[in-house]
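Undergrad: Supplied in structure tokens, the structure appears directly below.
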Amino acid sequence: MSDPFELTDNLPQPPQPQDSRPPAPSGPSLANLNETQREAVEAVDGPLLVLAGAGTGKTRVLTTRLAHILMQGKAHPGQMLAVTFTNKAAREMRERVAALVHRPVEGWWVGTFHHLGARLLRHHAEAVGLTPNFTILDQDDQVRLVKQYIDLHEIDDKRFPASAIVNMIQRWKDRGLLPDKVTMNEGADMDDGRILALYADYQARLGQVNAADFGDLLLLCLKLFQDQPDVLARYQNQFRYILVDEYQDTNVAQYLWLRLLAQGHKNICCVGDDDQSIYSWRGAEVGNILRFEDDFPGAKTVRLERNYRSTPHILAAASGLIAHNEDRLGKTLWTDVNEGESVRVRGVWDGEEEARSVGEEIETLQSRGANLNQIAVLVRAGFQTREFEERLITIGVPYRVIGGPRFYERQEIRDAVAYLRVTAQPDDDLAFERIVNLPKRGIGKATLQPIHLLARAERISLVRAAGKLIETDEIKPRARKTLADLLADFQRWRGLGDMVGHAELAETIFDEAGYMAMWKTSKAPEAPGRLDNLKELIAALEDFDTLAAFLEHVSLVMENEDSMIEDKVNLMTLHGAKGLEFETVFLPGWEEGLFPHQRALDEGGTGGLEEERRLAYVGLTRARQRAIVSFAANRRIYGNWQSATPSRFIDELPEDHIEMESAPGLYGGGQQGGGLEDTASFFDGPSWRPRRRRGQSVTLEDTDWRVEERKAPAGGFSEGERIFHQKFGYGRILRIDGDKLEIAFEKAGTKKVMMSFVEAI
């Protein structure tokens, strides 16, 4: 069978639109654009790929291009489709375009893939088996629904937990695959086909309860376009101009969705940077941007290479590093600002010393008047933040960890939103299950079991099944009365929604349901904070016109609203830093196995290595004025000490644009520009020693870095013997375990160390 989403030449041709465009007014000023930016703005007809390097003014190009099209009268707002990857970017785009055209822009299609997919599906819900008020499930809802089918399909939940199955289903959806399209190559035989069978039941159940998950918002659009060619032709005709931001991060479903829509007027502009494609683990396909010119013959490519963010040394170091990737379209960032500082590469003893050196430098910057908000520590793996957090706490430097639990993911907020979801959508089974016994009402598993059985047998929602069962003796009298009262409450709250505002309605629901009282009487230390969050939720409702609009906002918007008003150092992963910029960026942990990460190398091979290199490129290009890379001789990972080798990425940094140094205060270190030999001299245990390949001079290009361990004294050690350790000082051996020693140090306390790191005295 052929691919249902394959593009063919016999797609329905859009009818010729009537030309009702207004006279062309003068466009927005292009005087502030450089030559290539202006070229990207003015090339409005035909397919266009804009390769926008980091810090090259991409947002200015995007918004000016949209305003230019509007003010030239080439399209009305409703004839333009602008796709972003975050709601924040969509808001910023609306605001900037409105400022350029000097009036609000109404009626246009701008937003994330999920937002636009949901908007389109609500217009055509019946065509895909839903009704327009369908519920959008989040991942927590998905996991709970999948759990219901694990036992039914006799799946081992130890081997395949519900969260892992949800991820498998999401991967299939990201690739545009409904259950009947999953092939053996895509994992159809996983667990003897049980996972695929569960996917089919899961998908059928979503339809029964009038719900869709995030993957469905595009997958069902693709199905709609396949089954309803007239609908596809309508939107192909409607969208005269399509603009896509962050195209390198699109997955297969998003790619197919865009290609189908672009077959009408073929005026599609994709903006992205193949060198910043770092989300393959989310389903992103860097190949989408690499083959743009093949997908759209005759496409024009404009490269934005003039950087307005970083210094020449930072840009040259990043460009030299990324040039080692083969699978890229190619561009070179440049700037005409002053040279600034070289990228500093610092060797340290271990993670603790790394955190200490970063903390000391942050204190120095702060004493010179630096804004802490403009300082970031970007790590490859989440566990690395612990040592930096502890160090910053110790020295009293405020910080924030970006990417922690978000407002709408908190327990009390999920519970409250579930009450609102059942009020707005009675067939929302997952929301109903979450709060049916919260606070405790005596409605346990024994009561819910017959409700589930009836719902499955008659293919109805749990609320409808409960409504039938309270008229029978299937449920014990006390539970039956409680359930009847709850259903009556929901019915009353729905009626109340027509008479009062939705913020007042929410407050009434939380009070009458006993949910507020539950936290007011709770002795848990977090209870006051949870009550404050519930009050904040009620206040947030006032910003929306309807309860339905708020619920869709909760489903689609999961952004961290962390305030940037307070002056704090930013700790985050490299993945979380994309799109941000800071005056000073610390890049710790550049060691083989950690960065590039070993799992990426094992699972992705050459492709995995290239994505890790792109991640390093992203990290370097976050810095405006200074970038400090560090690596450690030893690293404690999940409680185990490991000797480390400097990352291959360090060797790939162009020597002319970096400065090697030892960490300040390390064994008499702190020299600037001493070169590799000076750096190596500070490590007498496991040390970073240059091995010369040719000639007498030692350069980064000509050097291999390796760990040379000091050999243990002849005859080994004995318990009770006094020794010296370069880092921990003097101590006495308590116990010998193979090549490891447990030592009571005079100042550092009891430590376990490698035998080869100590010497007898």
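Undergrad: Tell me which residues come under 5 Å, amide H to amide H, from T645 once H is placed; ignore anything under 5 positions away on its chain.
TA: Close amide H contacts, sequence-distant or interchain: E592.
Undergrad: Suppose R0 equals 45 Å. What FRET efficiency, 1/(1 + (r/R0)^6) with r the Cβ-Cβ distance, do A204 and Q642 give to the nearest 0.05? Present the calculation step by step, with values, prior to reporting the outcome.
TA: Details: r = 48 Å, r/R0 = 1.07.
Result of the calculation: an efficiency of 0.40.
Undergrad: Continuing with this model, one more query. Please report how far the C-alpha centroid of the stretch 372-395 lies from that of the stretch 146-199, rounded to the nearest whole angstrom.
TA: Here the answer is 38 Å between Cα centres.
Undergrad: For V569, which sequence-distant residues (separation of 5 or more, or a different chain) have an amide H within less than 5 Å of its own amide H, given hydrogens modelled in the peptide plane?
TA: HN-HN under 5 Å from V569: Y399, R400.
Undergrad: Okay, next question. Give the span of the chain's Cα atoms along each principal axis, as three whole-Å numbers ordered largest to smallest.
TA: 87, 71, 54 Å, listed from the longest principal axis down.
Undergrad: Does the stretch 241-313 classify as rounded, prolate or oblate by the C-alpha gyration tensor (a ≥ b ≥ c root eigenvalues; a/c under 1.5 gives rounded; else a/b over b/c gives prolate, otherwise oblate)?
TA: On the way: a/c = 2.35, a/b = 1.40, b/c = 1.68.
It is oblate, given that a/c is not under 1.5 and a/b is not larger than b/c.
Undergrad: On to the next question. Among 297-307, 140-150, how do they line up by average Cβ neighbours within 10 Å per residue, starting with the highest? Show your work: numbers first, answer last.
TA: Details: 297-307: 16.8, 140-150: 19.5.
For the peptides 297-307, 140-150, the packing ranking is 140-150, 297-307.
Undergrad: Can you give the accessible area per residue of the chain, in Å², using a 1.4 Å probe? Walk me through the intermediate numbers first.
TA: On the way: 33950 Å² over 761 residues.
Per residue, the chain has 45 Å² of solvent-accessible surface.
Undergrad: Of the peptides 319-326, 180-187, how do they stack up when ordered by the mean number of other Cβ atoms within 10 Å, highest first?
TA: Details: 319-326: 17.8, 180-187: 13.0.
Highest mean packing first, the order is 319-326, 180-187.
Undergrad: Take the solvent-accessible surface of the protein heavy atoms, probe 1.4 Å, and return the percent of it on the chain that carbon and sulfur atoms account for.
TA: Values: 16010 of 33950 Å².
Of all accessible area on the chain, carbon and sulfur atoms account for 47 percent.
Undergrad: Given the -39500 (n - 2.57) contribution per DSSP H run of 4+ residues, what per-residue ellipticity at 222 nm results for the chain, rounded to the nearest 500 deg cm²/dmol? Display every interim value, and only then the final one.
TA: Working: 28 runs with 310 residues, N = 761.
Roughly -12500 deg cm²/dmol at 222 nm, from the helical runs in the chain.
Undergrad: Sticking with this one: Under 5 Å between amide hydrogens, which residues at least 5 positions from S630 or on another chain qualify, with H placed 1.01 Å from N in the peptide plane?
TA: R346, L587, G589, W590
Undergrad: Given the C-alpha centroids of the stretch 733-761 and the stretch 318-337, what is the distance between them in whole angstrom?
TA: 47 Å
Undergrad: Just name one of T135, L121, A465: the one whose Cα is farthest towards the positive end of the charge dipole of the chain (beta-carbon charges, Lys/Arg +1, Asp/Glu -1).
TA: Positive-most Cα among the choices belongs to A465.
The values are calculated or read from the model by the stated rules, or taken from the named source; none is laboratory data. Every value quoted in this text rests on a predicted model; they were computed, and no experiment measured them. Because the Cβ atoms are built from the backbone with ideal geometry, glycine has one as well, and the counts that use them run over all protein chains shown. Note: accessible area is taken over every heavy atom of the protein model, side chains too, but ligands, DNA and RNA are not part of it. Shrake-Rupley method; radii C 1.70, N 1.55, O 1.52, S 1.80 Å.
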